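To start, the structure itself, in structure tokens.
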Amino acid sequence: METVDFLAGDDVVYGATTDNLTLRVEPSRLPFALEHRFPNMNGSLRRREILAGSAGVGLASVAGCTDFANPGDEDGAEFDVDSAAVVSQHELATVAGLEVLEAGGTAADAAVAVACSLSVVEPWFSSALGGGTWALYYDAEADEVTSVDGVGPVGSEATAEDFEERAGEDGVHQAVVPGAWDGWMLWLEAYGELDLDEVLSPAIETAREGYPASPELIDWLGTRSDQIDRRPAAAEIYRPDGDALEEGDTVYQEEMAETFEALAAAYEDELDEADGETDDEDGNGTDDEARSAAIQAARDYFYRGPIAEAIVDRSDEEDGYLTLEDFEAFEAEIVDPISITYDESDGVEVYQNPPNSQGITQLMALNVLKAVDFDDLESDDADAVHAQAEAIKLAFADRYHHVGDPDRVDVPVEDLLDEDYGAEQADRIDPEEAMEWPVDTGLESETTANAADADHTTTFHVVDEDGNAAAVTTSLGAQFLVVGDTGIHLNNRMRMLSVEEDDPNRIEPGYKVRHTSNPYMALRDGQPYVLGGNTGVDTQPQGQTQQFLHVHEFGHDAQSAVDHPRFVSSAFPPTDHPWVPANELEMEEFPEDVIADLEAVSYTHL
């Protein structure tokens, strides 16, 4: 297997081979790095030792980029870990994933461990219990990529008319059925090896023993101060003595730990019972059947048991839309991903999550950009930025016109990803003038939406020693809405639905939001090449498109691909309320001459 690169955030890079993992970090990250150097260190000790250095490690991650330079230079430190790699936004979550891999878990086991640990240490970004997830999995033995749809539907008591009156308010009426837990259980059943208590153990221990409040957590607590004031369950966690937490204070999530323990107990109780029931006449049990029954018990405890009851009770208290029947009927799915051939000569296929995910948006942009010759351009040249920004606008226009829950609207996926259609869209790009909203679809068929109307996410990646790979983006919504004594932080995903009659993403009871989570995975010659993700609602497919091009077209390594300045277009109706396009291009630190060249072709707010 060729060398691959792994990246977490802004200054941590992993280079992985089949034999070892080389981790390069800046000196300020040494407490984090040391945890990866000693794979046989006791897990509890490892977590305790890094409590003093658990600041977040960034919002974007890329893995699998080839030709990574030797990281062993005097400015950094080099460490080895055998045969596996994990990247996430928080050290404690990354360590949790590595511990599970070291215990014999697969990439799926480790991904669930990371997700649950992030629920503890990043409760404003993600929740394996209260949020939603889209994720891709490469199964090395089967040589296939699958996608998990862990997104729940709108509550059955919702109406567009009622929601429109409260769309700008926070509260439990913003919540959809949290689908992430069911999705994670499907992954454990299909691809996992470990028992549930082994996977949940790192998250439970961190929640009970506590972790230091990071600068990011303190910022979010300040931003959401008024909400926490109104929510006793949240105040108990984040203002334990009546005073606001400060950076470095220890945060405890004891009730969340109890919920994880209850789910693990439901699994264990069923496993013990199923082991006996599946024994044949000679006393031999069928492990797979028993494990499947145990995983189903953990699913039922959530969706058809005490957790669903607690969430619905909270929903009823605040005139929300969720019912017990909504939970009882819900099941996540493992589905086929969607993909395009981006570079036939190099054997590069890019995979995304299908609708209801917005992942098709990235593929549509890349399909347009296939027609652009980048050979004589650098990644921050004005012409390169202009081509990408315009392709992104065209992709988002088609997202607006066509993409929603495919169980409710007909999403013309095949037409939208047709190579000839991508080339036709590329012809719409004027090198001398930037497009502004409204932008029509390029499809001749009738559109669903009318153009005249109208970051609370985390991403992480895992590769195990067998070559299995997981690319995950999971989301919650930072409202610190804690459900009773469960410790569960509940999502506010309904703020990303439309109330317009002809919008494919319109609120409809029992149907799903067009979910913004959309990690991507690129294969080259059939093997994982890039695992990537970006957070931030509409920024996700934009940043991911830029990540991929930085690697494949401009020759950046993983570190440079994510460190490179990004731009974000708003020339389309945004996902969030109040859904008004700004027709601007926001840019990070690009050279002044590049900004001047872009202003010359009508870009604004650079």
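The values are calculated or read from the model by the stated rules, or taken from the named source; none is laboratory data. Given the structure is predicted, the values throughout are model-derived calculations rather than measurements. Backbone-built Cβ (ideal geometry, glycine too); neighbour counts: all protein chains shown. Just so you know, the surface numbers come from the protein's heavy atoms only, side chains and all, with ligands and any DNA or RNA stripped out. Shrake-Rupley method; radii C 1.70, N 1.55, O 1.52, S 1.80 Å.
Here are the numbers:
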| item | result |
| --- | --- |
| Q542 modelled with pLDDT under 85, outside any strand (DSSP E or B) and not acidic (D, E) | no |
| Of all residues making up region 293-321, the number that are open to solvent by 40 Å² or more (accessible area, probe 1.4 Å) and in a helix (DSSP H, G or I) | 8 |
| Breaking point among (1) modelled with pLDDT under 95; (2) over 24 Å from V580 (Cα atoms); (3) open to solvent by 10 Å² or more (accessible area, probe 1.4 Å), for E122 | (3) |
| Enumeration of residues in region 365-386 that are part of a helix (DSSP H, G or I) and open to solvent by 10 Å² or more (accessible area, probe 1.4 Å) | A382, D383, H386 |
| Test for R524: is it open to solvent by 10 Å² or more (accessible area, probe 1.4 Å), touching a helix residue (DSSP H, G or I) at 6+ places or on another chain (Cβ under 7 Å) and not hydroxyl-bearing (S, T, Y) | no |
| Filter pass, E500 being modelled with pLDDT of 90 or more, in contact with a helix residue (DSSP H, G or I) (Cβ under 9 Å, 6 or more places away or on another chain) and open to solvent by 30 Å² or more (accessible area, probe 1.4 Å) | no |
| Hits in region 149-165 - residues which are over 26 Å from W181 (Cβ atoms) and not β-branched (V, I, T) | A160, E161, D162, E164, E165 |
| Hey, L394 at pLDDT 90 or above, of a type in the set (A, V, I, L, M), closer than 30 Å to V176 by Cβ and in contact with a Phe, Trp or Tyr (Cβ under 6 Å, 6 or more places away or on another chain) or not | no |
| Pairs where the first residue, in region 549-563, is farther than 21 Å from A389 by Cβ and the second is of a type in the set (A, V, I, L, M) and assigned to a helix (DSSP H, G or I), C-beta under 8 Å, 6+ apart | D557/V551; A558/V551 |
| Condition met for D538 (under 18 Å from the mean Cα position of the chain (by Cα), among the charged types (D, E, K, R), within 25 Å of V403 (Cβ to Cβ) and open to solvent by 10 Å² or more (accessible area, probe 1.4 Å)) | yes |
| Hits in region 153-169 - residues which are under 15 Å from R314 (Cα atoms) and open to solvent by 60 Å² or more (accessible area, probe 1.4 Å) | E157 |
| Selected residue [of a type in the set (F, W, Y), part of a loop (DSSP other than H, G, I, E, B) and out of contact with any Ser or Thr (no Cβ under 9 Å at 6 or more places or on another chain)] from F572, F554 | F572 |
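Residue by residue, here is whether (1) of a type in the set (D, E, K, R); (2) part of a helix (DSSP H, G or I); (3) within 18 Å of L98 (Cβ to Cβ) holds:
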| site | (1), (2), (3) |
| --- | --- |
| A190 | no, yes, no |
| P202 | no, yes, yes |
| R208 | yes, yes, no |
| I218 | no, yes, no |
